[in-house]
1. Would you confirm whether or not segment 56-72 contains a residue that is among the basic types (Lys, Arg), part of a helix (DSSP H, G or I), within 22 Å of Val126 (Cα to Cα) and at pLDDT 50 or above?
2. Of all residues in segment 190-200, how many are assigned to a loop (DSSP other than H, G, I, E, B) and touching a Ser or Thr at 6+ places or on another chain (Cβ under 7 Å)?
3. Would you confirm, using the coordinates I've provided, whether Glu105 is out of contact with any Asp or Glu (no Cβ under 9 Å at 6 or more places or on another chain), within 14 Å of Lys57 (Cα to Cα) and surrounded by 15 or more Cβ atoms within 10 Å (Cβ to Cβ)?
4. Evaluate the following for Ser123: is it over 26 Å from Val198 (Cα atoms), under 15 Å from the mean Cα position of the chain (by Cα) and modelled with pLDDT of 95 or more?
5. Determine if segment 124-142 includes at least one residue that is under 30 Å from Tyr69 (Cα atoms), in contact with a Leu (Cβ under 8 Å, 6 or more places away or on another chain) and of a type in the set (A, V, I, L, M, F, W, C).
6. Within segment 82-95, restricting attention to residues that are modelled with pLDDT of 95 or more and assigned to a loop (DSSP other than H, G, I, E, B), which residue is nearest to Ile67 (Cα to Cα)?
7. Since Gly98 meets every condition but one in (1) surrounded by 16 or more Cβ atoms within 10 Å (Cβ to Cβ); (2) in a loop (DSSP other than H, G, I, E, B); (3) touching an Asp or Glu at 6+ places or on another chain (Cβ under 9 Å), which condition does it not meet?
8. Select from segment 163-199 the residues that are surrounded by 14 or more Cβ atoms within 10 Å (Cβ to Cβ) and aromatic (Phe, Trp, Tyr) and write down the one among them that is nearest to Leu58 (Cα to Cα).
Amino acid sequence: MANVRIVKSIQRRGLVGAMAAIATGVAGMRGALAQVSGSPPPGGAPGATIDRSSDYKLGGGDRMRIIVYGQANLTGEYALDGGGVLSFPLIGQVQAMGMTPGQLERTIVSRLHPDYLKNPSVSVEVMTRRPFYIVGEVRNPGSYPYVAGMTVINAIALAGGFTYRARESSFYIKRNDKSGQSSRLDANQETPVQPGDVVMVRERYF
C-alpha cells in the first residue's frame, strides 16, 4: 500500500508541474499575440500613453516610430519636416517643434480622441535624431550624427580635428529656438552641442 501511495503522490506532483508549465506557456502566447496585434499589454490602462522620461526636444529632420496600439494603419515611421511639423493620418499636421516625445504622445492622443478613436494608446520613440553641423577651421567640415552628451571638442574630434589656422579657444554656435529663429552663442570646448546646431571654429589671426 505504501508503494501505491508513493506512486500516486509522484503522479500528482507531475500533474501539478505539467499544469504550471501549460499556464506559463499560455501566458507567453498571450504576450506574443499582444505584441503582434499591437494591443496594450494586459493590465495596461486604455488610453494611457507610455511614460517617456526623455527631455529631448524634437525638431526638423527627426525621425520617429509612432505606435497607435491596435491601429496598424496609423502605426509607422514618421519624420518631421524642416519646420518641425508632423503630418499624421486623420489629424493632419501637428507642430511638434520643441516638444518632448511624451508631449507629442499626449498631443496625438488629444487629437484622435474622441473624434476618431476612443481612448487611444500612443507611443512615440525617436529613431534618428537630426544631425549637427560643424564648419570653419576643421579638417572635415560637414554634418554629423548627433550623440547624446556631445560637446564642442567632441564635435571637432569627429570632424578630424583643427586645421593649422584654427583658433583653438574661440568658437560660436548657431542655434534655432522653438519658433525657428536663429541665435548666436559664444562657446568653449566644453559647451554642450544640441541636434541641429551649427558649430563654427574661427580662424586665428597671424
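The values are calculated or read from the model by the stated rules, or taken from the named source; none is laboratory data. In this text, all values refer to a predicted model and were calculated from it rather than measured experimentally. Cβ sites come from the backbone with ideal geometry, for glycine too, and all protein chains shown count toward neighbours.
1. Residues of segment 56-72 that are among the basic types (Lys, Arg), as a first pass: 57, 63, 65.
Okay, now just the ones that are also part of a helix (DSSP H, G or I), so none.
Scanning segment 56-72 turns up no residue that is among the basic types (Lys, Arg), part of a helix (DSSP H, G or I), within 22 Å of Val126 (Cα to Cα) and at pLDDT 50 or above.
2. Here is the first cut: in segment 190-200, the ones assigned to a loop (DSSP other than H, G, I, E, B) are 190-191, 193-197.
After this cut, where a residue has to be touching a Ser or Thr at 6+ places or on another chain (Cβ under 7 Å) as well, the list is 190-191, 193.
Of the residues in that region, 3 qualify.
3. Details: out of contact with any Asp or Glu (no Cβ under 9 Å at 6 or more places or on another chain): yes; within 14 Å of Lys57 (Cα to Cα): yes; surrounded by 15 or more Cβ atoms within 10 Å (Cβ to Cβ): yes.
Criteria met by Glu105.
4. Values: over 26 Å from Val198 (Cα atoms): yes; under 15 Å from the mean Cα position of the chain (by Cα): yes; modelled with pLDDT of 95 or more: yes.
The answer is yes for Ser123.
5. There is at least one residue in segment 124-142 that is under 30 Å from Tyr69 (Cα atoms), in contact with a Leu (Cβ under 8 Å, 6 or more places away or on another chain) and of a type in the set (A, V, I, L, M, F, W, C).
6. Pro89
7. (1)
8. Within segment 163-199, the match that is nearest to Leu58 (Cα to Cα) is Tyr172.
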